[in-house]
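Enquirer: The structure that follows is given in the form of structure tokens.
The values are calculated or read from the model by the stated rules, or taken from the named source; none is laboratory data. Model, not experiment: these values are computed from the prediction. Cβ sites come from the backbone with ideal geometry, for glycine too, and all protein chains shown count toward neighbours. Areas reflect the complete protein model, heavy atoms only, side chains present, ligands, DNA and RNA absent. Shrake-Rupley method; radii C 1.70, N 1.55, O 1.52, S 1.80 Å.
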Amino acid sequence: MRVLCVAEKPSIAKAVAQHLSGGRSQTHNSRNKYIKNYVFDYDFGQEWGNCTVTMTSVLGHITELVFPSEYKDWRHPPPERLFDAPVNTVISEDKTDIANNIEQQARYAQALCIWTDCDREGEHIGHEICEAAKKGNNRLQIKRAKFSNIERAHILNAARNLIMLDDKQVNAVSARIELDLRIGFAFTRFLSNNLKPLGGPLANLVLSYGSCQFPTLGFVVDRYFRVKNFRPEPFWSIKVMHRRDGIDVNFTWSRHRLFDRASVIVLYERCLLAKMAHVTKVQEKPTKKWRPLPLTTVEMQKMATRFLRMSGQQAMEAAEKLYNKGFISYPRTETDRFDIGMNLRDLVQKQAVDNRWGQFAQGLVDGGFQQPRQGRHDDKAHPPIHPIINATSSVLDNDYERRVYEFVVRRFLACCSEDAKGMATDIDILYGEELFHAHGVIVLERNYLDVYVYEKWTGTAILPKFSMGERFEPFEAHITEGKTVAPSYLTEADLISLMDANGIGTDATMAEHIQKIQDREYVATVPRTRRQGVEEEEFDEQSPAQGGRGGRGNRGASRGRVGAVVSRARGGGGVMEFIPTRLGVALIEGFDRMNFETSLGKPFLRKEMELKMKAVCEGRTSRQVVLNESIDQYRQVYFQSQEKLNVLKAACREYIFQNNGG
Amino acid sequence: MNRLSKAAEVQNGLHSQGLPSPTLAWIQNALPNRDPLPPLLALIATVKARLMAADITNAVLDSSAPSFPANIANPEVKETKLERDVLVQVLDIDNLTKSKWEQVEELEAIARGEQTTGREMIRLPTNGEEEEELGYGSLATQNLSTARPGGRGGAAGSGTPKNSTHRLVLQDCKGNKVYGLELKRIDKIGIGTLNIGEKIIVKKGAIVARGVLLLEPSTCVIMGGKIDAWQKAWFDGRLTRLKETVGADIRG
């Protein structure tokens, strides 16, 4: 029997051929310079038995969806016709030789085995391959290999346990492709036709619309206005300090701060009147700083933008290459829990040879190993991102790959080690009617922190002894004054978090959307500047920025005030902030001011669409239903936008031409 | 005749509930126009509800009803205590824990039909029912996420966090006004939970410091009620007042 195997990219085809053939395969060139056909024998076991295998690959998608040529003109037929114009699936022009190769190879084969990446896109590419192969031979048996990394045993196991292509995922992707095409084209033409004539800078720009791009831009504009409109306000607090055993113990006020000076003075005076403070709680207890969760794509991108001096897009590209070379597992995953059956010790062992973290890894192998924490997400397709084999930095191609690889390994080793441990002391005092609190931490065991250099945990001074019920006269108590400061502009990590929380894009595509709004000159990035003279940075507990700001130490801070000292040190370090351009502001403001229920600048419509895709994958709805519903929604928005076009134009005049009269 | 004697009975009834006595004339006016009148207990409840909804400065209470001492708002006085229980009505409420601007942003988000829980932007239901609690999305990082399964952090229930401090403007039956500062947290006090015009009895022994009445659960009995017109005006004008205070452009 002859089997045709097709992978999503050449590197995977090569690696799989290598494993299956045991290194004994013949290599033939195809018409495409990147695509090779590897021929060898392999025993698929009970399924197909001993076979002659041709292993080849595609380069991602080979087909695309297009409108017929009569829709080429941007004005006629009018863009709204694109919502229900016919569409055709065609082989992309630059992929015809790849499709031909598959068609030809299929002629000699009785079976086809798909080796595309195991995610939604991969499933659809698998479908495209099937269609191309069927043109050569429509009696093929079709199977699919399920794998998430290209380590040898894993690949051999996948080859012996073939499954079927999942039509539901194929349908979900095909719905997404069609929606993106119709909606993207219709609104892009709408924007260009109507706004370019305004002239000035608009005449020469690409004014594209994408259902993910716009909400992403919306987040940036939203934050921009929050920064711009912000009004600082003074606040007051009471600080109590007591010196004992040569240590200054600072107590913070349980009210934290009040936005009224007179009230603070009244409360302060009552503290002074009481004279003595009364210790109401003394507690010493072990505390920990938790090791990180297993690594997901979104988390990797966020960390990369914070600590690895690269954008999410660059991190994804580097990770993709590392995966293609077999150094790390599949980098597109939502899973933050390792399957209990996975042999993680083995993977740790492989890192023991490294001269940077080898010793740490050996320590884990010798008994320090801990089963990683289990997160709550499981995409049922891929494990968390982890290293497969050790790679010395000399075998990696560039600095991006080195940094990402190092991060993946350190993260993985951190997951497999113990939490950092410390001792926390809490002292509460009642001073007059007011409660004050002091907190101290001593770090006892660093554990995972030794390898996970991206996090810090700094102990504070040891607190002197206080006894329960004790009365003392505080050394000093005074009123402090501060001012609220505006939130920061969004960082890429903030933006990814917002997209993630609001269902904009998938973990795999977020970075592309972020890149897109920069390419379109809707937003610009600038290095974050340190702010001066800020006494306290706590604008608003609900602020989405909180999680993303400060970076270092922030996690400790949110868990137990432990890292409070460090979390103040914000910014610097090459973190970029996103600021909308005038064009970006005009577009979002324009759509927001049109005032229909769901502006295109808000995440709601897109989120709905994303949820529908999920429903298709889970078999709860069908491709056609989703297409009809979503197209109807966007068509409605289209007509409303057309009706209120002058609002959009006015926003452009106001922000781009600085002309308020229009 | 009958109404007058009923009014007296109602007055007694209110008095025995610890409420100051409204004048007989006011009670008569507040009695339902029915003959025969409903039973006494129902009448007392009715009149009490009227009292809670009335502006007490408007010749409602008997002239003997307790009011604040004359110098209550004097900032020179370090500390004094109320000598009698005083019925007051709420004129204004301010959450001193939140900046004005933070409150402005919240109000504007709600006006846009949005709210956030954590990082997620939520569309509010359009039918006007606000079951959505004000989600104080905790600043969860991945570390915390296992600790808060619902994905929602912070203030459950009332929407006003535990360590909030409010300042009220309180008015007695003579029209004297004084600031009331939450010395210890009182659960019912919160923007949206305490009404404008709501009645409070501040108990004898309550501390007045530097002209500010200090409120704590032991000296502050919240009686309920509201004055609809005041409440509406307060809420309608809230955003504008907040913006004016911080000097923001009120048109926007």
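Enquirer: What number of residues in the range A:20-31 are on the phi < 0 side of the Ramachandran plot and surrounded by fewer than 20 Cβ atoms within 10 Å (Cβ to Cβ)? Spell out how you get there, then give the answer.
Expert: Let us first name the residues in the range A:20-31 that are on the phi < 0 side of the Ramachandran plot, namely A:20-21, A:24-31.
Next cut, surrounded by fewer than 20 Cβ atoms within 10 Å (Cβ to Cβ) only: A:21, A:24, A:26-31.
Of the residues in that region, 8 qualify.
Enquirer: Starting from the range B:79-90, take each residue that is within 14 Å of chain A (Cβ to nearest Cβ) and list its partners that are not hydrophobic (A, V, I, L, M, F, W, C), counting only C-beta distances under 7 angstrom and pairs at least six apart or across chains.
Expert: Pairs that qualify, where the first residue is within 14 Å of chain A (Cβ to nearest Cβ) and the partner is not hydrophobic (A, V, I, L, M, F, W, C), are B:81/B:205.
Enquirer: Which residues, counting only those in the range A:233-253, are within 12 Å of chain B (Cβ to nearest Cβ) and either of a type in the set (D, E, K, R) or surrounded by fewer than 15 Cβ atoms within 10 Å (Cβ to Cβ) (or both)?
Expert: A:233, A:234
Enquirer: Looking at the range A:356-365, is at least one residue in a loop (DSSP other than H, G, I, E, B), open to solvent by less than 60 Å² (accessible area, probe 1.4 Å) and within 14 Å of chain B (Cβ to nearest Cβ)? Explain how you work it out, then say what you get.
Expert: Step one: of the range A:356-365, the residues in a loop (DSSP other than H, G, I, E, B) are A:356-357.
Subsequent filtering for residues that are open to solvent by less than 60 Å² (accessible area, probe 1.4 Å) retains A:357.
Retained after the next criterion (residues that are within 14 Å of chain B (Cβ to nearest Cβ)): none.
Taking every residue of the range A:356-365 in turn, none turns out to be in a loop (DSSP other than H, G, I, E, B), open to solvent by less than 60 Å² (accessible area, probe 1.4 Å) and within 14 Å of chain B (Cβ to nearest Cβ).
Enquirer: So which strands (runs of 3 or more DSSP E) are wholly in the range B:164-252 and hold at least 1 residues that are closer than 20 Å to residue B:101 by Cα? Please lay out each step first, then the result.
Expert: Details: elements: B:166-171, B:177-182, B:199-202, B:207-209, B:212-215, B:220-224.
Those strands (runs of 3 or more DSSP E) span B:166-171.
Enquirer: Looking at (1) open to solvent by less than 40 Å² (accessible area, probe 1.4 Å); (2) free of Cβ contacts under 8 Å to residues at least 24 places away in the same chain, which is the only condition residue A:53 fails?
Expert: Tallying (1) open to solvent by less than 40 Å² (accessible area, probe 1.4 Å); (2) free of Cβ contacts under 8 Å to residues at least 24 places away in the same chain, residue A:53 fails exactly one: (2).
Enquirer: Taking the range A:1-36 only, how many residues are more than 21 Å from residue A:93 (Cα to Cα) and of a type in the set (S, T, N, Q)? First the steps, then the outcome.
Expert: Here is the first cut: in the range A:1-36, the ones more than 21 Å from residue A:93 (Cα to Cα) are A:1-5, A:11-28.
Checking which are of a type in the set (S, T, N, Q) leaves us with A:11, A:18, A:21, A:25-27.
Count: 6.
Enquirer: Output the number of residues of the range B:106-125 satisfying the condition of being assigned to a helix (DSSP H, G or I) and either open to solvent by less than 30 Å² (accessible area, probe 1.4 Å) or of a type in the set (A, V, I, L, M) (or both). Full working, then the answer.
Expert: Going through the range B:106-125, the residues assigned to a helix (DSSP H, G or I) turn out to be B:106-111.
Among the residues that remain, those that are also either open to solvent by less than 30 Å² (accessible area, probe 1.4 Å) or of a type in the set (A, V, I, L, M) (or both) are: B:107, B:109-111.
Residues that pass the stated criteria total 4.
Enquirer: To continue, here is another question. Taking the range A:210-232 as the search range and keeping residues that are of a type in the set (Phe, Trp, Tyr) and within 10 Å of another protein chain (Cβ to nearest Cβ), which one is nearest to residue A:256 (Cα to Cα)?
Expert: In the first step, residues of the range A:210-232 are kept if they are of a type in the set (Phe, Trp, Tyr); the result is A:214, A:219, A:224-225, A:230.
Narrowing the set further to residues that are within 10 Å of another protein chain (Cβ to nearest Cβ) leaves A:219, A:225, A:230.
Working: A:219: 30, A:225: 28, A:230: 21 Å.
Checked the range A:210-232; the qualifying residue nearest to residue A:256 (Cα to Cα) is A:230.
Enquirer: Could you identify the single residue in A:280, A:216 that is modelled with pLDDT of 95 or more, β-branched (Val, Ile, Thr), out of contact with any Pro (no Cβ under 7 Å at 6 or more places or on another chain) and in a strand (DSSP E or B)?
Expert: Details: A:216 fails: in a strand (DSSP E or B).
Among A:280, A:216, only A:280 is modelled with pLDDT of 95 or more, β-branched (Val, Ile, Thr), out of contact with any Pro (no Cβ under 7 Å at 6 or more places or on another chain) and in a strand (DSSP E or B).
Enquirer: Do the conditions hold for residue A:332, that is, is it under 17 Å from the mean Cα position of the chain (by Cα), open to solvent by 10 Å² or more (accessible area, probe 1.4 Å) and over 15 Å from residue A:411 (Cα atoms)? It would help to see each step written out before you state the result.
Expert: On the way: under 17 Å from the mean Cα position of the chain (by Cα): yes; open to solvent by 10 Å² or more (accessible area, probe 1.4 Å): yes; over 15 Å from residue A:411 (Cα atoms): yes.
Yes, satisfied.
Enquirer: May I pose another question? Out of (1) of a type in the set (Gly, Ala, Ser); (2) farther than 14 Å from residue B:170 by Cα; (3) within 17 Å of the chain's Cα centre (by Cα), the odd one out for residue B:197 is which?
Expert: Result: residue B:197 passes all but (2).
Enquirer: Just a yes or no: is a residue in the range A:418-428 modelled with pLDDT of 95 or more, assigned to a loop (DSSP other than H, G, I, E, B), under 30 Å from residue A:297 (Cα atoms) and more than 12 Å from chain B (Cβ to nearest Cβ)?
Expert: Within the range A:418-428 (the criterion being modelled with pLDDT of 95 or more, assigned to a loop (DSSP other than H, G, I, E, B), under 30 Å from residue A:297 (Cα atoms) and more than 12 Å from chain B (Cβ to nearest Cβ)), the answer is yes, since at least one residue qualifies.
Enquirer: Being on the phi < 0 side of the Ramachandran plot, of a type in the set (S, T, N, Q) and within 14 Å of another protein chain (Cβ to nearest Cβ) narrows it down to one of A:497, A:467, so name that one.
Expert: Numbers: A:467 fails: within 14 Å of another protein chain (Cβ to nearest Cβ).
Result of the check over A:497, A:467: A:497.
Enquirer: Looking at A:197, A:215, can you tell me which residue is without any contact (Cβ under 8 Å) to a residue 12 or more places away in the chain and in the same structural domain as residue A:649 (by TED's automatic domain parsing)? Give the steps one after another, and end with the answer.
Expert: Numbers: A:215 fails: without any contact (Cβ under 8 Å) to a residue 12 or more places away in the chain.
Just one listed residue meets the conditions, A:197.
Table: residues versus (1) buried (at least 19 other Cβ atoms within 10 Å of the Cβ); (2) at pLDDT below 95.
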site	(1), (2)
A:441	yes, yes
A:449	yes, no
A:452	yes, no
A:471	no, no
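Enquirer: Are there any helices (runs of 4 or more DSSP H) wholly within the range A:473-586 with 1 or more residues that are modelled with pLDDT of 50 or more and in contact with a helix residue (DSSP H, G or I) (Cβ under 8 Å, 6 or more places away or on another chain), and if so which? Outline the logic, then answer.
Expert: Details: elements: A:492-501, A:510-519, A:545-548, A:554-560, A:564-567.
So the answer is A:492-501, A:510-519.
Enquirer: Further, regarding this structure: Taking the range A:406-442 on its own, how many of its residues are under 22 Å from residue A:280 (Cα atoms) and among the small types (Gly, Ala, Ser)?
Expert: 4
Conditions (1) open to solvent by 30 Å² or more (accessible area, probe 1.4 Å); (2) under 13 Å from residue B:19 (Cα atoms); (3) in a loop (DSSP other than H, G, I, E, B); (4) basic (Lys, Arg), marked per residue:
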{"position": "B:38", "(1), (2), (3), (4)": "no, no, yes, no"}
{"position": "B:44", "(1), (2), (3), (4)": "no, yes, no, no"}
{"position": "B:51", "(1), (2), (3), (4)": "no, yes, no, no"}
{"position": "B:65", "(1), (2), (3), (4)": "no, yes, yes, no"}
{"position": "B:72", "(1), (2), (3), (4)": "no, no, yes, no"}
{"position": "B:75", "(1), (2), (3), (4)": "yes, no, yes, no"}
{"position": "B:78", "(1), (2), (3), (4)": "yes, no, yes, yes"}
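Enquirer: Continuing with this model, one more query. Looking only at the range A:283-312, filter to residues that are within 12 Å of chain B (Cβ to nearest Cβ), of a type in the set (Lys, Arg) and not in a helix (DSSP H, G or I); which one of those is least open to solvent (accessible area, probe 1.4 Å)?
Expert: Selected residue: A:289.
Enquirer: Next question, about the same structure. Select from the range B:42-60 the residues that are without any contact (Cβ under 8 Å) to a residue 24 or more places away in the chain and either touching a Leu at 6+ places or on another chain (Cβ under 8 Å) or more than 18 Å from residue B:224 (Cβ to Cβ) (or both) and list them in ascending order.
Expert: Selection gives B:46, B:58.
Enquirer: Taking the criterion of being assigned to a helix (DSSP H, G or I), open to solvent by less than 30 Å² (accessible area, probe 1.4 Å) and in the same structural domain as residue A:350 (by TED's automatic domain parsing), would at least one residue in the range A:383-404 satisfy it? So that I can check it myself, show each step before the final result.
Expert: Step one: list which residues in the range A:383-404 are assigned to a helix (DSSP H, G or I), which gives A:393-395, A:399-404.
When the remaining residues are screened for being open to solvent by less than 30 Å² (accessible area, probe 1.4 Å), the result is A:401, A:404.
Cutting the leftovers down to in the same structural domain as residue A:350 (by TED's automatic domain parsing) gives us A:401, A:404.
Yes, that holds for at least one residue.
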